[in-house]
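Scroll down for the structure; my scribbles are underneath it.
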Amino acid sequence: MLQSFPKKIGVDIKLNTKVVELITNTEANEVLGVKAESNGKPLYVRATKGVVIATGGFCGDVNMIDKFILDFRGALTFASANSEGQGLKMAEKIGAASTHMNFAAVYGYGVPMSKDKNNRKGWIFRGHVMNLYGSITLNKEGRRFINDDQNSTKVAQFLASHQERTVYQLATEAQLSDFMQNDPIQVISWDRTKFNQEKEEGGQFINKVNSLEECASEMGCSFDTLKNTIDVYNRSVASGNDEEFGRRFMKGQFLSGPFYLFKCTPVVGITIGGLKVNQRMQVLNEYGEPISKLFAAGEIVGGLHGTSYIGGCSLAGALALGRMVGEQLAKNQAAP
């Protein structure tokens, strides 16, 4: 159904086809077309009006994460394996400029998919939502370090600024139950059955502990430090005033177990950096000049979100910018 309208208006859709190179006239700073591979055979396509790069980001390639997103070298990724920056690499090869490459959407409460440290795929645990039901966020020393109402991105940024990679959340049984009853998703890509299994059996990132002593042992921190953190926080809940961080969503004290301890780490997923473009979405070269007949749209465009990802805006950006480029090319307004 998605292909019926394009075919109706004469669009030639090529499946099992991978673009591997931009063909250019170097002297004229112009893109002439693309070289592709279709079912194992070379395919050359001439561009009469222009080439639009809409290949997404690069967070599926952990080597590119380590090369560009320096604050999160070694981090997990939830990006598709197909998000390997192919379009970015091809464009840079012909002199295209990039921008904001050190920035990405990074979530503090990430969960490794595997115990194998060489496997850097991860999931997003919606820990920032669980905090709305009373759980608290702790560093590896057993101390609170941030307003627990903050979103997961803020947590990741704090960890990066302090060169830390591990963050814990502590929830009472009532808080976790409240979270699960009111929110359908705990870990993105998990169903409720899988989360319940992890909650009961552990092994991935949840540990059920019966006391603060057991919790401190699991965290590898000082029991006295953790107990002091909890005592201060319990007094804040009782008074209704969080003097340390100004938290608003305080629900329930940590008086007796069992407790649930969540061990998380930052997970990267959406690129903020990418190709530098002008207002017409023309890709610019290193001298700030438009590369004739080369356009970009979607996640591959750098700087759309500034330095911090704006949640929920990726699809809107792709649709809006893609439409802009399409309208220009349809009117034959491509750059000379």
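Brief remarks on what is shown
- Sorting the segments 161-174, 186-199 by their residues' average number of neighbouring beta-carbon atoms within 10 angstrom, most packed first, yields 161-174, 186-199.
- Measuring against 18 Å, Cα to Cα, the residue pairs K121/K263; K49/K293; K67/K115; K18/K276; K154/K199 contain K67/K115; K18/K276; K154/K199 as the ones spanning a longer distance.
- As a size descriptor, the averaged projected area of the C-alpha convex hull of segment 170-261 was calculated at 6.5 nm².
- Here, the chain has an Rg and a Dmax of 24.2, 74 Å when only alpha carbons are counted.
- Using the Cβ-Cβ distance between K67 and L255 with R0 set to 41 Å, the FRET efficiency from 1/(1 + (r/R0)^6) comes to roughly 0.30.
- Stretched out straight at 0.36 nm per residue, the stretch from S38 to N16 would grow longer than its current Cα-Cα span by 7.3 nm.
- Each helix, a run of at least 4 DSSP H residues, gives -39500 (n - 2.57); summed and divided by the residues of the chain, these come to -8500 deg cm²/dmol at 222 nm.
- The relative contact order of the chain, computed from alpha carbon pairs under 8 Å that lie at least 6 residues apart in sequence, is 23 percent.
- With Cα atoms, 0 to 90° folded angle of helix 152-161 axis to the chain main axis: 90
- With respect to the chain, whose longest principal axis is taken over its alpha-carbon atoms, helix 223-239 is tilted by about 90°.
- Taking only the Cα atoms of segment 1-71, the radius of gyration and Dmax are 16.0, 47 Å.
- Subtracting the Cα-Cα distance of S222 and A28 from their residue separation scaled by 0.36 nm leaves 63.2 nm.
- FRET efficiency, 1/(1 + (r/R0)^6) with R0 25 Å, evaluated for N196 and E244 via beta carbons: 0.15
- Sites S211 and M113 - FRET efficiency at Förster radius 41 Å, r taken between beta-carbons, to 0.05: 0.85
- Carbon and sulfur %, accessible surface of segment 174-261 computed with the full protein complex present, 1.4 Å: 43
- Computed over the chain with a Gaussian network model linking Cα atoms closer than 10 Å, the most mobile of R73, R323, R144 is R323.
- Fully extending the segment from R235 to T166 would add 22.2 nm, taking 0.36 nm per residue of separation and subtracting the current Cα-Cα distance.
- Remark: the chain carries 52 Å² of accessible area per residue (probe radius 1.4 Å; ligands, DNA and RNA excluded).
- Stokes-Einstein diffusion of segment 256-323 at 20 °C, 1.002 mPa s viscosity, Kirkwood radius from Cα pairs, rounded to a whole number: 150 µm²/s.
- Semi-axis lengths, largest first, of the ellipsoid equivalent to segment 217-336 are 52, 16, 13 Å, with √(5λ) applied to each eigenvalue of the Cα gyration tensor.
The values are calculated or read from the model by the stated rules, or taken from the named source; none is laboratory data. Please read all numbers here as calculations on a predicted model, not as lab measurements. Neighbour counts run over all protein chains shown; Cβ positions are idealised from the backbone, glycine included. Ligands, DNA and RNA are stripped out before the accessible areas are found, and what is left, the full protein with its side chains, is counted by its heavy atoms. Shrake-Rupley method; radii C 1.70, N 1.55, O 1.52, S 1.80 Å.
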